[in-house]
Amino acid sequence: MHKPGNRKYNMSDKLYALFSNYGVRVWKGLLQKIYHFDKWHVVSLRQRKYARDIIEFCNERHNRGSFVEIGSGLGDIIRNVQYTARYGFDSDERVLRAASFLNTLRGGNKIVLSPFHFPDSRLSGHFDLILMVNWIHHIEPAVLKANLEEYFNFHLKQEGAIIIDTVQDKEYRYNHDITYLTGDIKASVSKLGNYERQREIWIIKK
């Protein structure tokens, strides 16, 4: 028998279990109909190996105080990383509302979700991990490079890391060059892995 004081927590667990067991894609499709965000968000975490590898890498790091994801979408990654403070930013307030609902199903576990319009919005604070994936192919290289340098020099803690992706696919607006993007910062750059559509995930460390 559940204690009355645990009713809200247990109900959240049950709702999230229903969400997971019924079929993540089906539930996301329903949320897309309700909140009207872009349909590509419906793709499940299980279908994105690069996202699962990012989660594993982030959770294996020693310093896991503060985590920010710019372009967090429905929050598949940020809900699964184990950091003391987590911040999810996205330019689409519809997807943020849906992400907030999904977070509520998990008991509202300390994820701060806010609108953020790159590059116009200013990042504030210092983080152990800054994540920017699956959208930077829309950003002009010089603009992306300048903001990466700012984030690395002024918003990354000592021994922190930035994770980005590059995609060599002509259907994407920009196919970024990691050497160009990181050429003017004193960073250790390594590849996490290679994925579909010639996607490469990069770790940029202090």
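Nothing in this text is a laboratory measurement; each read-out follows from the coordinates by a stated rule. Everything numeric here is computed off the predicted structure, so don't read it as measured data. Positions of Cβ are generated from backbone atoms using ideal geometry, with glycine treated the same way; all protein chains shown enter the neighbour counts.
Taking the conditions (1) crowded, with 21+ Cβ neighbours inside 10 Å; (2) out of contact with any Cys (no Cβ under 9 Å at 6 or more places or on another chain) in turn, SER91 satisfies each one other than (1). Every condition in (1) under 30 Å from LEU31 (Cα atoms); (2) exposed (fewer than 13 other Cβ atoms within 10 Å of the Cβ) is met by SER188 except one, and the failing one is (1). For the range 56-69, the set of residues classified as of a type in the set (S, T, N, Q) and outside any loop (DSSP other than H, G, I, E, B) consists of ASN59, SER66, listed by residue number. Filter the range 124-164 for residues that are among the small types (Gly, Ala, Ser) and assigned to a helix (DSSP H, G or I); which is farthest from VAL68 (Cα to Cα)? Within the range 124-164, the match that is farthest from VAL68 (Cα to Cα) is ALA142.
In the range 166-182, the residues that are over 13 Å from TRP202 (Cβ atoms) reach residues that are among the hydroxyl-bearing types (Ser, Thr, Tyr) and surrounded by 12 or more Cβ atoms within 10 Å (Cβ to Cβ) with C-beta atoms within less than 8 angstrom, at least six apart or across chains, in these pairs: ASN175/THR166.
Checking the structure you have, find out if any residue of the range 166-180 is over 20 Å from the mean Cα position of the chain (by Cα), surrounded by 14 or more Cβ atoms within 10 Å (Cβ to Cβ) and assigned to a helix (DSSP H, G or I). Taking every residue of the range 166-180 in turn, none turns out to be over 20 Å from the mean Cα position of the chain (by Cα), surrounded by 14 or more Cβ atoms within 10 Å (Cβ to Cβ) and assigned to a helix (DSSP H, G or I). Is it the case that ASN147 is at negative phi and surrounded by 15 or more Cβ atoms within 10 Å (Cβ to Cβ)? Here the answer is yes, as ASN147 does meet what is asked. When the range 78-111 is limited to residues that are assigned to a loop (DSSP other than H, G, I, E, B) and in contact with a strand residue (DSSP E or B) (Cβ under 6 Å, 6 or more places away or on another chain), the one that is farthest from HIS155 (Cα to Cα) turns out to be VAL81. Of everything listed in (1) in contact (Cβ under 8 Å) with a residue 40 or more places away in the chain; (2) crowded, with 22+ Cβ neighbours inside 10 Å; (3) in a helix (DSSP H, G or I), the single unmet condition for SER72 is (3).
Cβ separations smaller than 9 Å between residues 6+ apart or across chains give the following pairs from the range 189-206 residues that are assigned to a loop (DSSP other than H, G, I, E, B) to residues that are among the acidic types (Asp, Glu) and surrounded by fewer than 17 Cβ atoms within 10 Å (Cβ to Cβ): LYS206/GLU159.
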